[in-house]
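Structure first, commentary second.
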Amino acid sequence: MYSYHKDNRDFLIYFIFYAAFLHTYMAILPSKGKFYRIIYKADVNISFIMAKKKNQKKRDVLSKKRAVETLRFQTHWGLKQLGHAEGSMLHQRVNTEIDLIAELELAQDLLTLKLFIDDVKKNLATTPTPEKGDLVKSPTAIALGIASVGDIEAMETPLIWKDMVDQKLLSIYYPGENRNDIVDWAKVNGYNTSTYLGRPILKLSKLFVMIERTRE
């Protein structure tokens, strides 16, 4: 009798422990699955972010390369329009300057500035004042039509682009009676403008271009 009850009691205890173990194990399985899914998802997200950053870096490199190529093409084309044959000393000179501009990552800034000046010329029939501003020292800027001088070959002191990057500010000049109209037009046509010391500036990626007023 005693043995019968003892066996039943032991079996009951064993059954209770087994049931508890089985319940716990079944409860853990989904949690472990969820945990592994979280780890997998995190790993996939990290891989995606790393791949996205790598692709973005490649796109940035290609974008900078295309900007330099476009700048070089437009500069040499501009020199030809000014009457300077390909292969001349002036073409070699702008090649050297463009290499420096590319090294300082200013190619896109110059292309944006050229677009601005071309847009102003097209829409407001106004061009920068000749022989005025920092860019009259750059044969590349002159070939692009960003600045103008009487004789490009007579230029002696070149523009120090490193100084422009360090001070982040260069100047262009427009006729005084047109300057405010130009600034107002730029504000409503997608150009990034602001003011510095009360004077209007065009904000590029690395440079600020102060739009000065030519006074008679």
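In terms of accessible area, using a 1.4 Å probe and ignoring ligands and nucleic acids, Val149, Val94 rank largest first as Val149, Val94. Measuring with a 1.4 angstrom probe and ignoring ligands and nucleic acids, Ser171 comes out at about 20 Å² accessible. The heavy atoms of Trp77 present about 140 square angstrom of accessible area, all protein chains included, probe 1.4 Å. Spin-label model, Glu105/Lys162: points 7 Å from Cα along the beta carbon direction are separated by 1.8 nm. Largest accessible area first, the listed residues Thr193, Thr140 line up as Thr193, Thr140 when surface is computed with a 1.4 Å probe on the assembled protein chains. Taking amide hydrogens as placed 1.01 Å from N in the peptide plane, the amide H of Glu105 sits under 5 Å from that of no residue at least 5 positions away in sequence or on another chain.
In a fully extended conformation the segment linking Thr70 and Leu169 would gain 33.3 nm over its present Cα-Cα distance, using 0.36 nm per residue.
For region 87-216, the relative contact order works out to 23 percent when only alpha carbon pairs closer than 8 Å and six or more residues apart are counted. Note that region 117-129 has calculated 3J(HN,Hα) couplings of 5, 5, 5, 4, 4, 5, 8, 10, 6, 9, 10, x, 5 Hz, one per residue in order, obtained from phi through the Karplus relation 6.51 cos²θ - 1.76 cosθ + 1.60 (θ = phi - 60°); glycine and proline are x.
Under 5 Å between amide hydrogens, built in the peptide plane, is the criterion, and for Ile201 it picks out Ser194, Thr195, Tyr196, Ile211 among residues at least 5 positions away or on other chains.
Within the set of other residues whose C-beta is less than 15 Å from the C-beta of Ile117, count the net charge using Lys and Arg as +1 and Asp and Glu as -1. Provide the component values of the computation, followed by the final result.
On the way: positive: Lys114, Lys121, Lys122, Lys132, Arg179; negative: Asp109, Asp118, Asp119, Asp134, Asp181, Glu212.
Summing Lys/Arg as +1 and Asp/Glu as -1 gives -1.
Quick one: of the DSSP bridges fully inside region 82-216, what percent are antiparallel, nearest 5? Around 50 percent antiparallel, to the nearest 5. Ordering Leu115, Leu104 by accessible surface, largest first, gives Leu115, Leu104; the 1.4 Å probe counts only protein heavy atoms, with every chain in place. Placing a label point 7 Å from the Cα of Leu124 along the Cα-to-Cβ line, the residues of region 163-191 whose backbone N sits under 18 Å from it are 170-191.
The values are calculated or read from the model by the stated rules, or taken from the named source; none is laboratory data. On a predicted model such as this, the values are computed, not experimentally measured, just so you know. All Cβ positions, even for glycine, are placed from backbone atoms using ideal geometry, and neighbour counts span all protein chains on display. Ligands, DNA and RNA are excluded from the accessible area calculation, which covers all protein heavy atoms including side chains. Shrake-Rupley method; radii C 1.70, N 1.55, O 1.52, S 1.80 Å.
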